[in-house]
Each structure stands twice: as structure tokens, then as C-alpha cells.
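One structure is given below, encoded as C-alpha cells.
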Amino acid sequence: MTTIVSFVVVIGVLILIHEWGHFVVARLAGVGVERFSIGFGPVLLRWRGQDTEYCLSAIPMGGYVKMMGEENPLET
């Protein structure tokens, strides 16, 4: 059990660092960020910053940064 929890924590940290890189580069390039999410699926925890919505979702095996003007055909 410890191995599984350790794996999820390490993968989560790597995903966080990776997505944070997308977030920082978008901000430095002057692109607004609508949502910064760690995980996929149902949102477990959500809070709103000044310009960005931050989310922690149920499946911690990925994440995404939704930038301003970016369209998602699944949401339309």
C-alpha cells in the first residue's frame, strides 16, 4: 500500500511541476489562464484566484492549463 501511495504522490508532484511550467510560460507570454487543474474528472476542490480558477480533480494522473481563447469542442 505504501508503494502505491508513494507512486501517486511522486507522479502528482511531477504533474504539478509540468503544468506549472505551462502556466508560467503562458503568463510570461501575456496569455491569460482561465483554469489550472491537477487531475481529471470531477472537481474535488476549487478556488478562484484573481484571474484564474484553480482545481484539484478526482483522477490525479494528469492535469491541464486552459488558456484564454482556447476552445474545447467537448464543452460546446
By residue number, the members of the range 22-40 that are of a type in the set (Gly, Ala, Ser) and open to solvent by 60 Å² or more (accessible area, probe 1.4 Å) are Ala29, Gly30
Exception for Leu45 within (1) open to solvent by 70 Å² or more (accessible area, probe 1.4 Å); (2) modelled with pLDDT of 90 or more; (3) farther than 21 Å from Leu14 by Cα falls at (3)
Checked against (1) charged (D, E, K, R); (2) surrounded by 13 or more Cβ atoms within 10 Å (Cβ to Cβ); (3) part of a strand (DSSP E or B), Glu19 satisfies every condition except (3)
Filtering the range 28-42 down to residues that are over 12 Å from Lys66 (Cα atoms) and either more than 11 Å from the chain's Cα centre (by Cα) or of a type in the set (Ser, Thr, Tyr) (or both) yields Leu28, Ala29, Gly30, Gly41, Pro42
Note on the range 50-73: residues within 11 Å of Ala26 (Cβ to Cβ) and outside any loop (DSSP other than H, G, I, E, B) are Val65, Lys66, Met67
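The values are calculated or read from the model by the stated rules, or taken from the named source; none is laboratory data. Just so you know, these numbers come straight off a predicted model, no measurement behind them. Quick reminder, even Gly has a Cβ in these numbers, built from the backbone with ideal geometry, and neighbours come from all protein chains shown. Accessible surface areas use protein heavy atoms only, side chains included; no ligands, DNA or RNA. Shrake-Rupley method; radii C 1.70, N 1.55, O 1.52, S 1.80 Å.
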